[in-house]
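Reading through the C-alpha cells given below for one structure.
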Amino acid sequence: MLSIYIKEIQSFFSTLTGYIVLIIFLLFTGLFMWVFSATSVLNYNYASLGQLFTIAPMVFMFLIPAVTMQSLAEEKQKQTIEFLATKPLSDLDIVLGKYLACLTLVCIALIPTLIYYFSIVRLGSPVGNIDNGAVIGSYIGLVFLAAVFCAIGLFTSSLTSNQIVAFILAAFGCFFVYWAFEFLSNLPVFFGHLDDFVKSLGIEYHYDNISKGRIDFKDIVYFLSLVFLFVWLTLVSLDRRKW
Amino acid sequence: MSLVVENITKYYGTQKAIDGVSFTAEPNSIIGLIGPNGAGKTTTMKILTCYMPSDEGRVNIHGLDIETDEQEIKRITGYLPEHNPLYGNMYVKEFLLFVSRIHRIPHPHQHISSIIEKVGLGIEQHKKISELSKGYKQRVGIAQAIIHDPKILILDEPISGLDPNQLVEIRNLIRELKEDKTIIFSSHILQEVESICDRVVILNKGRVITNESLLSLQEDEGEEFILNLKLTSPVDKTLLSDINGVSMVKQNDSTSYSIRCNKDEYTRELIFDTIVQSGSKIILMEFKQDSLESIFKSVTQSDS
C-alpha cells in the first residue's frame, strides 16, 4: 500500500495536478474570504472563519472529483490496472494507497488556510477574540467531508475508464450526499415525521454539527461509515474483473 | 515441475474462452504458447498471473496453489502483458524504483542499475517512459517483470512490433533469462517461437491441440518427409519415382532433386542404390523438416 501511496503523491506533484488543486482551492477560498465584498470577512465585522467553512465544501465538490477522476479510470484506460493487479498487492492495497494519497493532497491544500486563521486572530478585537472550538471542529469536519468526497470520487473512478464520466458521477455523488437530503427533507411527503431523519442522512447536517465545535460520536460514525461504504464499493467494482 | 496447469476453463459470460487447458513446464525451459487470435493464450496467461481466476481446474506453480497462495505466487512470477502497460509520465528509474518498492527489494538503487544494464536500457535510463521508442519500452516492460528475480516469467507477445535488431537483442535476453527461470512465451512470430522455445503448446478455440517438444512435433508431423539430394550427374527421374515408398520426385536443376518419401530407412537405402546403379554419386542428402509455421497451419486447420 505504501508503494502505491508514494507513487500517487509523487505523481500529483510531478505533474500539474497537485499544484493546480492547491492554487484553485486557495484562490477560491481567498477571493470569497477577503476580496468579494458580499462575502468578505472584512465587511462582516465579526472575527470568524465561517466563510471558509461554507465555501470549502462547495469547492471540494468539484475539486476532489477532479483529483480522483484519474486514479482508477486512468489505470483502466491505460490498462496499467493489469500491471498492478499482477504484482504482490491486494486490491485493498491499491484502493487504500490511492485513497490516502488523494486525502493527503486535500489535507495539504487545507494547511495554507491556517494563514487565514492567524490573520483573523490578529484582526479580532481584542486580538485573539475567536471561537477556537468552532474553528478546530470545522477543520475536523472539513477533513471528514473531504474523506467522504475522496471515497465517492475513487468509487466513481472505478466504474469507468472514461475520466470525464468519472468526474461527472463523482461531482453528482458529492452534491447528492451533501445537499440532496436537505432538499428532500423539505418535501411534503416527509414533512412532520421523517424530515429530521432524511436530513440526518446528508453530510451537511453532520458537518454543521461538528462545525459548531461539538464533536459527537454519532457524527464521526456517520462519516466513517460513508468512507467504509464507498471504499468497499470500490473494492467490489475492482473485483468485477474476476467475475 | 515448475508449473502444472490442470484442466482450466474460463467463461466470458456464456462463451467458453478456454476449455480444459492442461500443460506442464519443467524448470529452466521456455514454453511457447501459440495459437490463432482468440485461441485463449492471453486468457491462460491472465489466469497464471492471478489477474483473474479460472472457473474450473487447478494451477500449481512451484508447489503453490493459485487459489490459496495468490500473493505468494505473484511474488515468484514476473509478467509482461501483451500491450506492455507502463506509466508514461514516470522516468525509467522512477518506475523501476516503484516496482522495487512493491517487491520490497533491499537496496533498490543498486539493483535497478544492474537490471538496467541487463536489459540494455543504459543510454535511455534518464528519459521519461513516454519518450522511449517501442523497443526500449519493451525493455522497460521486461525489466519490471524480472526485477524481483522471479522463478516463472510470463511474456505475452514480447517481440511484436520490434525491428530486426531489437528482435535479436530481446531474443538473446530471453535465452539468457532461461538459465534460472521457467519462461512461458507467446508470439505470433512463429520463427521466433521456433528459435527460442523448447516446447510448444498450440491452442485453438480455447483447447490445447498440441503440447510437445519442437523436435518431436517436427518428427511426428505426417508419415512422410522431403529429402533434398545433390548428385554428381543426372539420373532418370522415373527410376526414382518407381521406388517403393517414394510418392513424389521434383527435379530442381540438372543434378538436384527433392523427393517426398516415407520415413522408413529401407526406402532411403533403395534411393541410394538406384542412384549408384545409375552411375551417379550422392554428394548431399538432407531431409527437410516441416517448419513450425506449416505444423501450426496443419494442426489448427485440421482442428477447425
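Beta-bridge orientation, the protein assembly as shown: approximately 70 percent antiparallel, per DSSP, counting only bridges with both partners inside. Comparing mean-square fluctuations of A:Phe230, A:Phe191, A:Phe167 from a GNM of chain A with C-alpha springs under 10 Å, the top value falls on A:Phe191. If Lys and Arg each add +1 and Asp and Glu each add -1, what is the summed charge of the other residues whose beta carbon sits under 15 Å from the beta carbon of B:Glu157? Taking every Cβ under 15 Å from that of B:Glu157, the sum is +2. Among A:Thr17, B:Thr42, the ranking by other beta carbons within 10 Å of each residue's beta carbon, starting with the fewest, stands as A:Thr17, B:Thr42.
Here the Gaussian network model covers chain B, with springs between Cα atoms less than 10 Å apart; of B:Cys261, B:Cys50, B:Cys197, B:Cys261 fluctuates the most.
Is the range A:81-205 rounded, prolate or oblate when judged by the Cα gyration tensor, a ≥ b ≥ c being the square roots of its eigenvalues, rounded requiring a/c under 1.5 and prolate requiring a/b larger than b/c? Cα axes put the range A:81-205 in the oblate bin. Counting only trypsin sites (Lys or Arg not before Pro) that are in a DSSP loop and have at most 13 other C-beta atoms within 10 Å, tell me the longest site-free stretch of chain B. After excluding every exposed loop site, the longest remaining stretch is B:105-262.
Each Lys or Arg adds one and each Asp or Glu subtracts one; over the other residues with Cβ under 14 Å from the Cβ of B:Ile243, this totals -4. Phi angles across the range B:2-13 convert, under the Karplus curve 6.51 cos²θ - 1.76 cosθ + 1.60 with θ = phi - 60°, into 3J(HN,Hα) values of 6, 9, 10, 10, 10, 6, 7, 10, 9, 9, 10, x Hz, Gly and Pro given as x. For the range A:9-18, putting each phi into the Karplus relation 6.51 cos²θ - 1.76 cosθ + 1.60 with θ = phi - 60° gives couplings of 4, 4, 5, 4, 9, 8, 10, 7, 3, x Hz, in residue order, rounded to whole numbers and with x for Gly and Pro. Fewest-first ordering of B:Ser54, B:Ser280 by other beta carbons within 10 Å of each residue's beta carbon gives B:Ser280, B:Ser54. Neighbours of A:Ile140, meaning other residues whose beta-carbon lies under 15 angstrom from its beta-carbon, give a summed charge of -1 when Lys and Arg score +1 and Asp and Glu score -1. Annotation: amide H-H contacts under 5 Å for A:Gly124 (H modelled 1.01 Å from N, sequence separation of 5 or more, or interchain): A:Asn129. Each of A:Phe181, A:Phe36 was scored by other Cβ atoms within 10 Å of its Cβ. Listed from fewest to most, they are A:Phe36, A:Phe181.
With contributions of -39500 (n - 2.57) from each DSSP H run of at least four residues, the per-residue ellipticity at 222 nm computed over chain B stands at -10500 deg cm²/dmol. Per residue of peptide B:140-146, the mean number of Cβ atoms on other chains within 10 Å of the residue Cβ is 1.
Taking A:Thr160, A:Thr68, A:Thr80 as the candidate residues, the one with maximal mean-square fluctuation in a Gaussian network model of chain A, Cα springs under 10 Å, is A:Thr80. Using the Karplus relation 6.51 cos²θ - 1.76 cosθ + 1.60 with θ = phi - 60°, the per-residue 3J(HN,Hα) values for the range B:248-254 come to 7, 10, 10, 8, 7, 8, 4 Hz, with x marking Gly and Pro.
Amide H contacts of B:Asn204 (H built 1.01 Å from N, in plane; Pro and chain starts excluded): B:Ile209 sit under 5 Å, all sequence-distant by 5 or more or on other chains. Here's how it looks for B:Ile154: its modeled amide H is under 5 Å from those of B:Gly78, B:Tyr79, B:Leu80, B:Ile184, which are all 5 or more places away or on a different chain.
Bear in mind that the values in this text are calculations on the coordinates, not laboratory data. Being a predicted model, the structure only gives us computed values, none of them experimental. When we count neighbours, we look across all protein chains shown, and the Cβ atoms used for this are built from the backbone with ideal geometry, even at glycine.
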